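Below is one structure, written out as structure tokens; the observations come after it.
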Amino acid sequence: MIVRMSKVEIIGPKALLLEVLTVVQQLGILQIESDLLKRVNAGAAPHVRCLVHDEASLAQGLLYEELLHKIDAILAGIPEDSVREVYLPPQVAIDSVAKLAPKHMESCESLIGRREHLRTELRQLNRYASFLSDTEPLLREVGPDGGLDFVAVEVKSEEALEQIRRLVARLNRERYHMQTARRVAGTFIALITTEREKLEPLRDALRGEQVPELSLPPYLEALPFAEKIVAARRRLTELSEAVTAAEKELALFAQRWAPLYRKVREWLSDWIALHQTSASLFETEMCFVIYGWMPSEALAGLRKTLDERFAGQVVVEEKQILEQDLERVPVVLENPPYFKPFELFARLLPLPHYASFDPTPFLAIFFPIFFGMILGDMGYGLFLALAAFTIIRVFRKRPNVQSAGKILLIASVYTLFFGWLFGECFGEQVAEALGLHPICFDRRKSIMTTIYFAVSVGIVHVSLGLVFGFVSALKRRLRREALFKLATIVLILCLALLAAAFVIPGAAALRKSLLVALLIAGPAALIFGGLMAPLELFKTLGNIISYTRIMAIGLTSVLLAYIANELAGHTGSVLAGAVVAILLHGVNIVIGVFAPTIHSLRLHYVEFFSKFMEPGGRKFRPLEKTQ
């Protein structure tokens, strides 16, 4: 529901401004409204002007912002696992921190840069070392030979390996020997042995065929191949130790300084926020003036807190919300526990206008009903209830998933209820075996009855939306729109009753009265709705007919369950029948979760909310402490 808001004016001595802002910031209930400056200067209060900071305050603000950037740079690269508490007040330590921060930032950047350089080299050398290790068995097969040297290459496919073999074959007049192996990574390596004086022609031939030789770091390149592996492993150990040492140094720094820097950062963020906010305030010769919005229920608490803190020197006055203010009133949605999970669906819509309605309660009331009408099977409802309980228990730390689980649980209850009314439990065959029979009607056999039922639901739902639209238009003093909504409601109800009068025996006497009502409501709708009235009326009738999807999607679920049971019965085997039934009912349950959800939401978003809900609300953004 949309929380009632109050427009407030807070007045007090200039000397108390920052203290008052600090109290308001700690309470987190006031959104300061800077847009009132134009109205103030327009003559509403000519003695009030925009608050201007002195040069000292502006210079202090710039210094604090610069210090905040330095602290952010320090904290960005150090560990966050320090839990040591700092009891020194930040405002006392601010001067010392300002002196230390440049040195600490420089040393941290240097240490972090060195650590990242070492990590980069370590990653590259790990790849080289892995390659050299895979090559080592081939090297042992060749055996020691002081006059030989080796070229190692890595390729991705056997075709590329065959290309190298053909190259070596063309050079067979020299002393070349090639061995191959497959790496753990899935690529292929080739070790080509040759005399040292023939090494460069071999490399030239490989480059000519665009076969890259493994490029090693300079300190490995000059070593004989047999020594490269040992040197790489030795360097890996050195790099790992150096990275560990750098991380330990950063951890020690974080343990010693991070708690202080975090506490000072929080204080600086709050101070800067207050300083920036105060630029949106106003002043007289002696006082400051704060204009803003807050929840009406918190107004008494704010008055009491300021009275106790400042001994009556600060006054809070509630101002009248004018008609032109309605576009600027921030919106807060607050709902009871049963409605709360459905805010997950309400957040998919734009924030409603302050003078409009919160969509959450309507979703909480009607969405589970439509879901149950569509799925309407006791077996499926029981399965979804168990799934919902599991989701709620497993995903306790994920609020959105928790909300989805609670919505599914509520929807499953309505599915059980309508399944009892329709006499369905994993289809009608299983229901009959359990002794269940339709209380209302059999959806598979009574298609026309189901259509009448769905259209009736549409008439009620759309008419209710028009009633709320009528109320909303009256609240916004749009009389012509309100009268058009009222005429549309009369037209829809008269058409529905007239259609029923032709079907229900003994209702013929009502036809003349209903026709007279239509002759009055039709022209009235044209007068108040203007040229677009006929289009709006046809659109509304189309919205009502759209509710037949309740019948169509529900009938699909019924038929799928019926087919699943029929196919299971014709398999000739209990095991095969059980497998077929489980698979088809499983598919039906999956469809039965998503299809009712999508179509129920569409009926709300398009057919229902379009009749009364006005988007365009401003999100409530109170002045709060930095987390």
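The values are calculated or read from the model by the stated rules, or taken from the named source; none is laboratory data. Quantities reported herein were computed from a predicted structural model and do not represent experimental measurements. Neighbour counts are summed over all protein chains in view; Cβ atoms, including those assigned to glycine, are modelled from backbone coordinates with ideal geometry.
Within segment 322-341, being surrounded by 16 or more Cβ atoms within 10 Å (Cβ to Cβ) and closer than 30 Å to R477 by Cα holds for D325, V329, P330, V331, V332, L333, N335, F339. Just one of the listed residues (Y354, Y414) is at negative phi and part of a loop (DSSP other than H, G, I, E, B), namely Y354.
The set of residues in segment 591-627 that are of a type in the set (V, I, T) and either out of contact with any Lys or Arg (no Cβ under 9 Å at 6 or more places or on another chain) or without any contact (Cβ under 8 Å) to a residue 40 or more places away in the chain (or both) comprises I591, V593, T597, I598, V606.
Residues of segment 25-57 that are at pLDDT below 85, surrounded by 13 or more Cβ atoms within 10 Å (Cβ to Cβ) and not polar (S, T, N, Q): I32, E33, L36, L37, R39, V40, A45, V48, R49, C50, L51, H53.
Checked against the criteria, Q124 does not count as modelled with pLDDT under 80, of a type outside the set (A, V, I, L, M), loosely packed, with under 12 Cβ neighbours inside 10 Å and in a helix (DSSP H, G or I).
Report whether or not R84 is of a type in the set (K, R) and modelled with pLDDT of 70 or more. Answer is no for this residue.
Which members of segment 371-396 meet the condition of being outside any helix (DSSP H, G or I) and in contact with a Lys or Arg (Cβ under 8 Å, 6 or more places away or on another chain)? Correct list: G376 only. Restricting attention to segment 420-431, the residues being touching a Cys at 6+ places or on another chain (Cβ under 9 Å) and not in a loop (DSSP other than H, G, I, E, B) number 3.
Would you confirm whether or not segment 355-367 contains a residue that is of a type in the set (D, E, K, R) and closer than 30 Å to Q324 by Cβ? Show your work before the answer.
Within segment 355-367, the subset of a type in the set (D, E, K, R) is 358.
Those still in the list that are closer than 30 Å to Q324 by Cβ too: 358.
Within segment 355-367 (the criterion being of a type in the set (D, E, K, R) and closer than 30 Å to Q324 by Cβ), the answer is yes, since at least one residue qualifies.
Inside segment 541-589, residues that are in contact with a helix residue (DSSP H, G or I) (Cβ under 6 Å, 6 or more places away or on another chain), of a type in the set (A, V, I, L, M, F, W, C) and over 24 Å from M448 (Cβ atoms) make up a count of 7.
Out of all the residues in segment 137-162, which are at pLDDT 65 or above and in a helix (DSSP H, G or I)?
Quick first cut of segment 137-162, residues at pLDDT 65 or above only: 137, 149-162.
Answer for segment 137-162, where residues must be at pLDDT 65 or above and in a helix (DSSP H, G or I): P137, E158, E159, A160, L161, E162.
Working only within segment 437-466, note down all residues that are free of Cβ contacts under 8 Å to residues at least 60 places away in the same chain and either of a type in the set (D, E, K, R) or in contact with a helix residue (DSSP H, G or I) (Cβ under 7 Å, 6 or more places away or on another chain) (or both). P438, I439, C440, F441, D442, K445, S463, listed by residue number.
Of P399, P368, all but one fail to be touching a residue at least 40 places away in the same chain (Cβ under 8 Å), out of contact with any Lys or Arg (no Cβ under 8 Å at 6 or more places or on another chain) and not assigned by TED's automatic domain parsing to the domain that holds L30; the exception is P368. Exactly one residue out of G522, G458, G465, G469 is more than 36 Å from the chain's Cα centre (by Cα) and in a helix (DSSP H, G or I), and it is G522.
Confirm whether K619 is at pLDDT below 85 and not assigned by TED's automatic domain parsing to the domain that holds I410. Spell out how you get there, then give the answer.
Working: at pLDDT below 85: no; not assigned by TED's automatic domain parsing to the domain that holds I410: yes.
Criteria not met by K619.
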